[in-house]
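Have a look at the structure below, then the notes.
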Amino acid sequence: MFRIRRVYDDVLPINREALRQAKEILKSHFGAVSPAALERIGDELRNPFKHRFRTILYVAEDGRHAVKGFALVMHDPQEHFCYLDFMAAARGMTGRGVGGALYERVRQDAKTLGAGGIFFECLPDDPADCPNEEMLGQNIARLAFYERYGARPIIKNKYHMRMKPTNICMPYLVYDGLDSPVPLTRRLVRRVVRSILERKYGDVATPEYVGKVVNSFRDDPARLRDFRYLKGPVPGRAAKANGALDRIGLVVNDRHAIHHVRERGYVESPVRIESVLAEITPSGLFERIQPRDFPERRITAVHDRGFVEYLKRACTLVPEGSSIYPYVFPTRNTARPPKDLSMRAGYYCIDTFTPLNRNAYVAAKRAVDCALTAAASIVEGRHLAYALVRPPGHHAERKVFGGFCYFNNAAIAAEYLCAYGKVAVLDIDYHHGNGTQDVFYERADVLTISIHGHPNIAYPHFTGFEDETGAGPGDGYNLNLPLPERQDGGQYRRALAMALARVECFNPLFLVVCLGLDTAKGDPTGTWTLGAKDFEANGRMIGEKGYTTLVVQEGGYRTRTLGTNALHFFRGLVEGSGAR
C-alpha cells in the first residue's frame, strides 16, 4: 500500500528525506541528469515564484515513508499547461500500480489547476528511430500506457530531430489533452516547445536548432498520432468533482458534545460543530484523522501549571449538570488566593460568562489533542490541516481562561511546531486573540497577528490595541489590526493583505490560522458583514502564500451560515494553495 502526496518544500525533515529518495530514483533511471539540475529541485520547490515554471513534486510512499515512485511536474500558470518532466517507480515497483496512481494524480491536479493539457517526452517506439531492441520494447510499453489516457505523440514536426549526428532515440513530444474537446493550437505548442528546449536543453540546444524545431510545428490545430495500441473506444476519464489536490487533514473533537452548557444565551454549543461538518463533509476536500492522546506537558509548556491543576481539580468537583460561573474577582495576590474553588474561579478567569462544569477540562483537553494531532500531521508531510474543535481557545492566556476558552489550542499547537521552525499565528476571529498574544508576547520565534473588532467595541476590551507590539525579545513580533464597528469584505481584505505582508517578511515555516467565522453577517457576537464569497476570497489570499498551514477553529455562532462560510473559506484555501 502507498499514498500519493505533494511535497511543497525541502525544509521539513520528512520532505527533505522524500526529496532525497526521489533524487535517488531519478538518478537510477535517468543517469544523464546533471548534479546541478538535481540540486535545483529543492530551490524550485521553495521558491515557486522565482522561476517561470512552478515545480510540483509528487511522491508515492508507504507507511514508513519509503518513496516507491515520484513525478516531477512543471506548471506554467500563464500559458495554462503542465510539463511532466520525470516520472519513475523505484526498482522492483514497476507493474505494481505506482506509475498509474502517480499519473492519474498528475492529471487530476492539472485539471484542478486549470491546465489545458500535459506535455511530456517519450522515447520513440518506431524501430527506424530507435534501433536498440531492448529500449524499443520499453518505449512501446510506455507509450501504450499513456494511450490509455488519450495521450499521444504530436506528429509532423522535427521535435525528435537529432541535436548531434551521434544522437539516437531522440524523444517524441507527447500531449495529453485531459479529455478536453478544445484542440491544441499551433501558438500554444510552439510556446511550449520553445520553453522546454530553452529550459531543459539550453546548454546544448543552439538558438538555430530551437528555432528550426519550433517552426516545424505548422499544423493548426496540432495533430496527434492515431491510436496505435488502444483497441476499442477511448475511455473517458473525467476528473473528480474537486480534483485531487492534497486533501485537508480534518481532526474533529469527538468529545466536544460532553461540554454542553444549556443555559439560555450560551451560544458556544455543540450544534456549531455539527453545522460545519454537515457542509464540509460532502465536499471531498477533507480526509478525517483520528485524534491522538498527548501528554499534559504539552499544555503546561504554554499554560501555568497551577492554573492547569486548578482547572482539572475544580471541574471534577462540580456536581453533574451544574456549572460554576466566576463571580468574585480578587486581585491576583499570588500569596493569598481564595481557598474556596468557586471563588477562586475568578482568580483564574477574565469574565462572568465562561463556566466550569464536570466536563469542561475533559473537552478542553481533547480539543488540545486535536490541535496537536493536526499539527503533527503537517510535520509528517501534510500541507493543510484543520482542527475542528470546541471549546475554542484563543482567549485563554497563560494563567487565565475566559471567552468560552480554557486552553489555548492554537498556541499549544504553535509551541509544538516551534521545534521544527518559525511559526506565524494569524488570528482572523472577530475578537482579539488576547491569549495567544499573552503567550508569545516576549518571543521572537513566533509572530502573532490579530485582525479584530476594536477593543472599544468588542470583547475582550482590555487588549488588542495597535500599540501592543511585543516586549523584550518579542518587540515587533506582535501585530494588532483593530478595525471599526462596520466592516465589509473589501475593507477586511485590505487588513488581511497587511497581515499577510507582515507574515511574508517574517518568512515562517508554518502558519497557524485561528479561524473565527464570527466575522460573518448576522453573527450574534459581531458587527461585520462578511459573506460566503468573502470567506472564499480570504481563504484564497492565505492559500496563495503557500505556507504549510494549520487551521484551528475559534468562534462563529450563526449556525445558519456557519457551515457554508467554513466550506467557502477552505475551498479558497485549497485553490490558493494548489495554484501556488
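Summary table below
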read-out	value
Pairs where the first residue, in segment 180-195, is of a type outside the set (V, I, T) and the second is surrounded by 14 or more Cβ atoms within 10 Å (Cβ to Cβ) and in a helix (DSSP H, G or I), C-beta under 8 Å, 6+ apart	R190/V214; R194/V210; R194/V214
Residue check for D219: out of contact with any strand residue (DSSP E or B) (no Cβ under 7 Å at 6 or more places or on another chain) and modelled with pLDDT of 95 or more	yes
Residue identified as under 30 Å from L45 (Cα atoms), small (G, A, S) and assigned to a loop (DSSP other than H, G, I, E, B) among G381, G393	G381
Options V551, V574; residue that is out of contact with any Gly (no Cβ under 8 Å at 6 or more places or on another chain), on the phi < 0 side of the Ramachandran plot and in contact (Cβ under 8 Å) with a residue 60 or more places away in the chain	V551
Verdict on M163 being assigned to a loop (DSSP other than H, G, I, E, B), of a type outside the set (D, E, K, R) and at pLDDT 85 or above	no
Verdict on A458 being surrounded by fewer than 24 Cβ atoms within 10 Å (Cβ to Cβ) and of a type outside the set (S, T, N, Q)	yes
Restricting segment 28-85 to residues that are of a type in the set (D, E, K, R) and within 20 Å of P13 (Cβ to Cβ), the residue that is surrounded by the fewest Cβ atoms within 10 Å (Cβ to Cβ)	R64
Qualifying position, being touching a residue at least 12 places away in the same chain (Cβ under 8 Å), among the hydrophobic types (A, V, I, L, M, F, W, C) and in contact with a helix residue (DSSP H, G or I) (Cβ under 8 Å, 6 or more places away or on another chain), among A110, A101, A71	A71
Members of segment 184-225 that are of a type in the set (G, A, S) and part of a helix (DSSP H, G or I)	S195, G211
Scope segment 366-413; condition within 19 Å of G306 (Cβ to Cβ), surrounded by fewer than 24 Cβ atoms within 10 Å (Cβ to Cβ) and small (G, A, S); matching residues	G402
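Residue by residue, here is whether (1) closer than 19 Å to S195 by Cβ; (2) out of contact with any helix residue (DSSP H, G or I) (no Cβ under 7 Å at 6 or more places or on another chain); (3) without any contact (Cβ under 8 Å) to a residue 12 or more places away in the chain holds:
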| site | (1), (2), (3) |
| --- | --- |
| R6 | no, yes, no |
| D10 | no, no, no |
| E17 | no, yes, no |
| Q21 | no, yes, no |
| E24 | no, yes, yes |
| A32 | no, yes, yes |
| R40 | yes, yes, yes |
| E44 | yes, yes, yes |
| N47 | yes, yes, yes |
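The values are calculated or read from the model by the stated rules, or taken from the named source; none is laboratory data. Since we're looking at a predicted model, the values are computed, not measured. Cβ sites come from the backbone with ideal geometry, for glycine too, and all protein chains shown count toward neighbours.
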